[in-house]
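The values are calculated or read from the model by the stated rules, or taken from the named source; none is laboratory data. Not measured: the values here are computed from a predicted model. Reconstructed Cβ throughout: ideal geometry from the backbone, glycine too, with neighbour counts over all protein chains shown.
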Amino acid sequence: MFLSTFAIKRPVTTLIIFIALISSGLYSYFSLGRNLFPRVSFPILSVTYLLPGVSSKVLEKTVVPPVEEALSSLPGLKHLHVVSLSGVVSLTAIFSEHSDPRLIYPRLQEKVESVSPSLPSGTAPPIISVVNPTSLPLLWVILPIPDSMDSRVITDWAMMNLVTPIRKLSGVADVKPIFPAREVLHISLHRKELTKYLVPVTSVLESLKKVGLSIPAGTMTSGKEEIMVETLDSESTVASLSSLPVPDGKGRTIPLSRIATISIGPVRETEIFRIDGTRAIGLRIFKKKGADGLSLSGKIRKIILERKAVAAVSGVNGQSIVLDPVIRMDRSEMIRKNNRELLETLLFGGALTVLVIWIFLGSFKTTMIASISIPSSVIATFLMMKMAHFSLNNMTMLGLSLVVGILVDDAIVVLENIHRHGQMGKPFDQAVSDGVGEIGMAVMATTFSIISVFAPVAFMHGIIGKFFFEFGLTVSFAVLVSMLVSLTLIPVMMNFSSGSGMKSVSSRVLDGKMDALISKYRALLIKALDHPGSVAGVGFLSIALAAGILYLLGADLVPRTDDGAFVVRMTAGEASSIDFSKTIFKDVASKIRQQKGIDSVFYQIGNSYGGSSNRGYFYVLMKPLSMRKTSEEDAIVHLRKLLLTYPAIDFSIDHLSPLGGNGTDVPIQIILQGPDRKRLASLVESLRMDLEKTKGFVDITTREGERQKLLAVVPKKNLPAGSSASELGGTLHLYLAGMDTGWARVDGRTIPVHLSMISKDLSSPSDLESLPMMTSTGKVILLGDMARVESAVQFKRRVRDDRMPSVTLESNLSGNIPLKTALDDITQWKKDHLPGNYRLRFGGSGDVMNNAIGSFMMAIGLAIIAVFMVLASQFESFVQPFIITLSIPVSLSGAALALYLTGNSLNIMSAMGLIILFGLVAKNAILMVDYTNTLRKRGYSRRDALLAACPVRLRPILMTTVAMVAGMSPMALGIGSGGPLRAPMALVVMGGLISSMLLTLFIVPVAYDFFARWNVFSQKNEVKD
């Protein structure tokens, strides 16, 4: 081997190279970012239009069609999801995974700009943004507002002391605050008085413009400069505005106070935020792509600690009140906890591996030499991770923890072979050289077999492929370095040691038992070679056993973990008002806080974009795992029973997303599409009823079926002179939605002036009909003279997918029902009930899982092909790689049995374990086949070569298998909050390694003997019998 020869001849150079690698790796470790998951980007963009006061039905007819038409022509578009709510249209464009959001963005922007002229007047400029499902808040900063505190004062304090300094941090992408309702100068119009004096709202607005309010007037151009123009404001008081003259419909003027109430107070709430029953300000902190989440969280905490020291403001009674901002839903805590657990797993696994090596080798010195491959490989991998712009996250640390037993594998094989050559009586230098030279090609074959397995993993398509990319390459880096250590550093260290050291008593005892075991194995191998049919039968039986167990195992996306936090999505009755929602949410929050194990609850109702006033979220935080006896799943079951006692609410209790962030994981998301919205509503109701009868489906919700009462204002055919339908719509919008008319200086401060109707004055069709309207001729008439008001009911939320009306139904799963089983049940319903012109597809976890199944099947197939190709090139044969890969199917029985006995399912983690297993199990067969070939070249007959080679290789096979199993055992225990996520992967590998070792020791020699008997091997590698 060139590498080994160079290392032995240039030991100092070899040591210097590895010292440089390890030093660079240590430096890289401390500069690597720390995040929960790898940095992943998704080709998803959103476009949002705001048109306050316009119903979802009107928006679907006026705004959606031209925008849909424009965006549908974008290349690479997979799905176009459109949601129309009152005053808001949100379009989400999902592109193929190979699309680059940076290239799509300008093209989408161009399309959006091209349709702007065709949209209704008053439509706000669109908000275009790149969507990343994992780019959710890193943490929340919550500032409770004491009852004696003026919310305006605390809002100003939060902006100055929290929002501004946090936004300046280098890793922060955005801070999105949820503030209490802003304070305004209300001009609240009385409907009866407006009707009595025939004063239209437009007359009030014109009078306000004359009072000296600060009102933007527009812009003007002076040379190259654009200059803003606005009216100058003057000091105003409630009294001065009360006496403001307003023209009535009879040519007179009346004071504003006759038709309106003027007061200073908060604007009508559209977004409510509370923590543990107290008013609060919520700040959602988003980090930049690639920023170190752990470091950023530390900086934010430092700012909060600094501000707490001076967080004293004056209350309404003049007393000093100390503010206490707190942090909630901090995902950096999960990062810290997962990294700590994985590091402990790595160290504990490494220690067990070293112990196994010492037991087998019996020499402390040799054990230390073998064990040096673990830290040197891991530390050098940090350098490669840094160069590849990876971070320390769940996937990279999982990869390193998983391969800790594998890293010492090559070193064990090399040392064992050196030791065997030394026992032949060779000088120590020659034993090192011959031992490494003889085993070098086998070591390279096993290493590149493992790397070839991870190549398809690193380039899997879909969201799963994006998450496993760093995992696959990190493992490949580590295994490659371990091979270099084994072939270069290990021989150098052995030469420096000049001997194997004193053997322990336990090792001498073990040597005796090992010799006896080898003798027994040789005797059994003779019987196996004499009865190849029986051996083949055992092999087929193991494969059949694996197939049967795998059929019984359910399939899920990921194992469930106890994150100590979950989210409750709740709708407080159909089309409920914000005041009714406040009462229900407050009561439910109080009940949640009383549940066992719950530490804190904060909730949000509505949003600033005019979302549903009856819909909100509870963020529930549990006590640390060590301080509670109730698991997260048990807490959810108890809470679900509690919420079912509220007949007026619709709810869903969701775990946090396994993709990171503070998003939720909804396992079942069904999207029904079809031409008729009423028929869709009927179909989704039928599906809902069927799922409610099916065991395992809980929290079944759909938002698209929610109805809203509607008063339709229909203009008369013969409108009065000077009136028009467009003027009617504009004036009516002003009555119902109100508007900010400018700014006023009141008591030395500037506040907005908000003109609106008193909401309780508009509660029936007759109230609308009595509203005064101004015609273009200056005549004042009532709305009833221009139009009739009709009662109706409409869909509150209107959704379209891929240019068709759609309805989304969501559900959680309870008990042990696997996700794949649930998806199969729904697919069967589709076959039985869905008409031909209607479609059903899965979103969320179901869609990810269906794609993941295809991705993993392809990756497993490519992995097997890659292993075969590497071995074929290594052995210059097509038959010998086939013999070696026979160890793959027989490993499945142990893997499946391990999952079954521990109650785990097939999921992406166990599937990844299978791929890893396929790369590892070939190692044992490679060692046997390679040495058998070597002996046959030396003149041994076929049978004698097998009976000599296989027993000789039993010791390193047993050592490496036990070492790998020991290295993975801490992960298999599933200890810690993230333990259940990692355990299936380790269990699959451990079970498969054990079954493969036991069966490969007989199946591979028998297969080799069978094929060699027919002289089908390459002449280069064989000596004919």
Report summary line: Thr446 meets each of (1) under 40 Å from the mean Cα position of the chain (by Cα); (2) crowded, with 20+ Cβ neighbours inside 10 Å; (3) at pLDDT 85 or above with one exception, condition (3)
Query raised in the report: So how many residues does the stretch 7-25 have that are surrounded by 14 or more Cβ atoms within 10 Å (Cβ to Cβ) and either at pLDDT 90 or above or assigned to a helix (DSSP H, G or I) (or both)?
Result: 11
Requested in this report: Could you tell me whether the stretch 403-414 includes any residue that is surrounded by fewer than 24 Cβ atoms within 10 Å (Cβ to Cβ), touching a residue at least 40 places away in the same chain (Cβ under 8 Å), closer than 14 Å to Ile8 by Cβ and not hydroxyl-bearing (Ser, Thr, Tyr)?
Outcome: no
Requested in this report: Pick out, from the stretch 84-174, the helices (runs of 4 or more DSSP H) lying fully within it that include 2 or more residues that are among the hydroxyl-bearing types (Ser, Thr, Tyr).
Outcome: 101-115, 151-158
**Report entry** Selected residue [surrounded by fewer than 24 Cβ atoms within 10 Å (Cβ to Cβ) and within 30 Å of Val848 (Cβ to Cβ)] from Thr885, Thr902
**Finding:** Thr902
Report task. Within the stretch 918-954, track down each residue that is modelled with pLDDT of 85 or more and of a type in the set (D, E, K, R). Result -> Asp930, Arg936, Lys937, Arg938, Arg942, Arg943, Asp944, Arg953
Query raised in the report: Mind checking whether some residue in the stretch 401-423 is under 27 Å from the mean Cα position of the chain (by Cα), in a helix (DSSP H, G or I) and not small (Gly, Ala, Ser)?
Result: yes
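Looking at the stretch 375-384, can you tell me whether even one residue there is at pLDDT 85 or above and not in a helix (DSSP H, G or I)? I'd like the intermediate steps shown before the answer.
Residues of the stretch 375-384 that are at pLDDT 85 or above, as a first pass: 375-384.
Now drop any that are not not in a helix (DSSP H, G or I), which leaves none.
For the stretch 375-384, residues at pLDDT 85 or above and not in a helix (DSSP H, G or I): absent.
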Report task. Can you tell me which residue among Arg615, Arg593 is among the charged types (D, E, K, R), modelled with pLDDT of 90 or more and out of contact with any Leu (no Cβ under 6 Å at 6 or more places or on another chain)? Result -> Arg593
**Report entry** Residues that are within 31 Å of the chain's Cα centre (by Cα), within 15 Å of Ser116 (Cα to Cα) and not hydroxyl-bearing (Ser, Thr, Tyr), drawn from the stretch 43-62
**Finding:** Val47, Leu50
Query raised in the report: If a residue has to be under 30 Å from Ala635 (Cα atoms) and out of contact with any Gly (no Cβ under 7 Å at 6 or more places or on another chain) to count, how many in the stretch 520-562 make the cut?
Result: 10
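Would you call Gly606 surrounded by 19 or more Cβ atoms within 10 Å (Cβ to Cβ) and on the phi > 0 side of the Ramachandran plot?
It is true that Gly606 is surrounded by 19 or more Cβ atoms within 10 Å (Cβ to Cβ) and on the phi > 0 side of the Ramachandran plot.
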**Report entry** Looking only at the stretch 180-211, and only at residues there that are of a type in the set (A, V, I, L, M, F, W, C), under 51 Å from the mean Cα position of the chain (by Cα) and surrounded by fewer than 20 Cβ atoms within 10 Å (Cβ to Cβ), the one that is farthest from Asp740 (Cα to Cα)
**Finding:** Ala181
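Are there strands (runs of 3 or more DSSP E) fully within the stretch 716-796 with at least 1 residues that are under 27 Å from Leu50 (Cα atoms) and either in the same structural domain as Leu189 (by TED's automatic domain parsing) or not small (Gly, Ala, Ser) (or both)? List them.
Passing ranges, in order: 739-746, 749-757, 772-774, 787-795.
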**Report entry** Matching residues, the stretch 623-650, being β-branched (Val, Ile, Thr) and assigned to a helix (DSSP H, G or I)
**Finding:** Ile636, Val637
Requested in this report: Only residues that are among the small types (Gly, Ala, Ser) and modelled with pLDDT under 85: list them for the stretch 114-155, please.
Outcome: Ser121, Gly122, Ala124, Ser135, Ser148, Ser151
Query raised in the report: Just to be sure, is Leu625 among the hydrophobic types (A, V, I, L, M, F, W, C) and surrounded by fewer than 17 Cβ atoms within 10 Å (Cβ to Cβ)?
Result: yes
Query raised in the report: Looking at Leu74, is it free of Cβ contacts under 8 Å to residues at least 40 places away in the same chain and either in a loop (DSSP other than H, G, I, E, B) or in contact with a helix residue (DSSP H, G or I) (Cβ under 8 Å, 6 or more places away or on another chain) (or both)?
Result: yes
Query raised in the report: Regarding Ser811, is this residue among the polar types (S, T, N, Q), more than 26 Å from Val538 (Cα to Cα), out of contact with any Lys or Arg (no Cβ under 7 Å at 6 or more places or on another chain) and in a helix (DSSP H, G or I)?
Result: no
Query raised in the report: In this structure, does Lys466 turn out to be over 24 Å from Ala863 (Cα atoms), out of contact with any strand residue (DSSP E or B) (no Cβ under 8 Å at 6 or more places or on another chain), of a type in the set (D, E, K, R) and touching a residue at least 24 places away in the same chain (Cβ under 8 Å)?
Result: no
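Does Val457 count as of a type outside the set (D, E, K, R), crowded, with 21+ Cβ neighbours inside 10 Å and either touching a Cys at 6+ places or on another chain (Cβ under 8 Å) or closer than 19 Å to Phe856 by Cβ (or both)?
yes
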Query - Candidate set: the stretch 355-366, residues that are surrounded by fewer than 22 Cβ atoms within 10 Å (Cβ to Cβ) and in a helix (DSSP H, G or I); chosen: the one modelled with the highest pLDDT - result: Leu355
